[in-house]
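The values are calculated or read from the model by the stated rules, or taken from the named source; none is laboratory data. Note that this is a predicted model, so its numbers are computed, not measured. Note that each Cβ is placed from the backbone with ideal geometry, even for glycine, and that neighbours are counted across all protein chains shown. Surface areas here come from the heavy atoms of the whole protein model, side chains and all, with no ligands, DNA or RNA. Shrake-Rupley method; radii C 1.70, N 1.55, O 1.52, S 1.80 Å.
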Amino acid sequence: MEEYTRAGTPGASAWEEEIRRHEALVRWVVGWQWLGTLAYADACQEGRIALWRALTRYDPRRGTAFSTYAVPAIARASRRAVGARLASAPFLR
């Protein structure tokens, strides 16, 4: 992550590499959550968006590992996606 924290603005390849490097983290978090009627692929996509946001907001100077910061963000995003899916379900209306 030093490539884009030093320069201020990351290059596309640095972002893509970080996303690829932490893709297993997204799948792990989504895998242990209840997804209701939400498809696994949709939950993973929400997790990837959360991972991207976590990468932009993570500050390594605070002394925590990136995974410690990213796991709650990914879990929260997939829970919100499940909640949005349940709220729009026709059987609840």
Per the filter on the range 40-53, residues within 20 Å of E16 (Cα to Cα) and open to solvent by 30 Å² or more (accessible area, probe 1.4 Å) are A41, D42, Q45, E46, R48, I49, W52, R53
Among T37, T56, the single one that is outside any helix (DSSP H, G or I), on the phi < 0 side of the Ramachandran plot and either among the β-branched types (V, I, T) or buried (at least 17 other Cβ atoms within 10 Å of the Cβ) (or both) is T37
Those residues of the range 9-34 which are part of a helix (DSSP H, G or I) and of a type outside the set (A, V, I, L, M, F, W, C) amount to S13, E16, E17, E18, R20, R21, E23, R27, G31
message: Please verify whether A14 is more than 13 Å from the chain's Cα centre (by Cα), surrounded by 11 or more Cβ atoms within 10 Å (Cβ to Cβ) and of a type in the set (G, A, S), treating the condition exactly as stated.
response: yes
| field | Test for V71: is it part of a helix (DSSP H, G or I) and touching a Lys or Arg at 6+ places or on another chain (Cβ under 7 Å) | value | no
Checking G83, G63 in turn, the sole residue that is free of Cβ contacts under 8 Å to residues at least 24 places away in the same chain, surrounded by 12 or more Cβ atoms within 10 Å (Cβ to Cβ) and over 19 Å from R20 (Cβ atoms) turns out to be G83
Restricting the range 43-93 to residues that are more than 25 Å from S13 (Cα to Cα), hydrophobic (A, V, I, L, M, F, W, C) and in contact with a Ser or Thr (Cβ under 9 Å, 6 or more places away or on another chain), the one modelled with the lowest pLDDT turns out to be A89
